[in-house]
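The structure under discussion appears below in the form of structure tokens.
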Amino acid sequence: MRKSLLTAKTAKLIDQEAGRRFGISTLVLMENAGAAVARYALETCQDRKRIACFCGKGNNGGDGFVAARHMLAKGAKPDVYLAGKFSQVEREAKTNLDILRALDCQVREIDQDSLSSIAIEKYSLIIDALLGVGLSGPVRGIYQELIVLINSADAAVLAVDIPSGLDATTGNILGACVKADITVTFVARKLGMVTHEGLAHCGRVIITDLGLPL
């Protein structure tokens, strides 16, 4: 499995097959992914009050919400930021966002107007859960600005599945890309991680399973 390289299309098909053939829901996959991210995040950062988790509105963000919950359960106090509004988060990601908020974890909505209020310098670890392998077009708006902010930080950066802004198949940068120190990727490496700009942006790649074989 660890020698396999997945394209964005193949990675999506694996998720679909997990549900169709084995009845493993996206919620279960998201739970396993987020738990793995939390485990490596806490191994990486000793100061559990200086962790930021930047989440997008899709499934990558959902993984980030799960990771934040698991870190809370271990006594950490992550600051969680959403690139957008709560009302824009849907499906499984919304389920995990709602759980996180029910636990009284403060999740801040971020847009261009509030971006400057983020004290990025105070963090020792930043978790990038903005954009996943499904990205196909150029990064724009608040996502682009958050990527620039993350890259400006003097902190370790852990990317969830793939650095935001990296094409999972070609390894091209789609407008802007997080430069990660660690990438916790699921099931297998993505082809874009070892192609073109991928090697320079993924850092150390950790492969973790999601509870199903490749």
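Ranking C45, A67, F22 by Cα position along the charge dipole of region 5-208, where only Lys, Arg, Asp and Glu carry charges on their C-beta atoms, puts F22 farthest toward the positive end.
Within the straight-line cut-off of under 18 Å between alpha carbons, the aspartates and glutamates reachable from K49 are D79, D104, E121, D128, D154, sequence neighbours fewer than 8 places apart in one chain being disregarded. Charge tally around S152: other residues with Cβ under 14 Å, Lys/Arg +1 each, Asp/Glu -1 each, net -2. When the C-alpha to C-alpha distance is required to be over 29 Å, the pairs from K9/K57; K9/K122; K94/K190 that qualify are K9/K122. The radius of gyration of the Cα set in region 37-112, together with its Dmax, comes out at 11.5, 34 angstrom. Membrane-span-like helices in the chain, defined purely by DSSP H runs whose alpha carbon atoms cover 18 Å or more axially and whose average Kyte-Doolittle hydropathy reaches -1.0, are 8-22, 26-44, 59-73. Here region 5-208 is treated with +1 on each Lys and Arg Cβ and -1 on each Asp and Glu Cβ, and its dipole about the Cα centre works out to around 400 debye. Measuring r between the beta carbons of R140 and K77 and using R0 = 35 Å, the FRET efficiency lands at 0.65.
Here Cα Rg over 2.2 N^0.38 Å was computed from the coordinates, and among (1) 1.01; (2) 1.16; (3) 0.92 the match is (3).
Counted by neighbouring Cβ atoms within 10 Å, the residues L191, L29, L212 run from fewest to most as L212, L191, L29.
Protection proxy ranking, highest mean first, for peptides 32-39, 17-24: 32-39, 17-24, where packing is the per-residue count of other beta-carbon atoms within 10 Å, averaged.
Order of M30, M193 from fewest to most other C-beta atoms within 10 Å?
Details: M30 25, M193 22.
Lowest to highest Cβ neighbour count: M193, M30.
Starting with the fewest neighbours, write out C105, C177 ranked by other beta-carbon atoms found within 10 Å of each beta-carbon.
Least to most surrounded, the residues fall as C105, C177.
Taking packing as the residue-averaged number of other Cβ atoms within 10 angstrom, the listed peptides 76-87, 109-120, 127-138 run from highest to lowest as 127-138, 76-87, 109-120.
Using 0.36 nm per residue and subtracting the Cα-Cα separation, the extra length available between S25 and K12 on full extension is 3.4 nm. What net charge do the residues around H201 carry, taking every other residue with its C-beta under 15 Å from that of H201, with Lys and Arg at +1 and Asp and Glu at -1? My count for the surroundings of H201 gives -1.
We did not get these values from a lab; they are worked out from the coordinates using the rules stated. Note that the coordinates shown come from a computational prediction; the quantities given were computed from them, not determined experimentally. Reconstructed Cβ throughout: ideal geometry from the backbone, glycine too, with neighbour counts over all protein chains shown.
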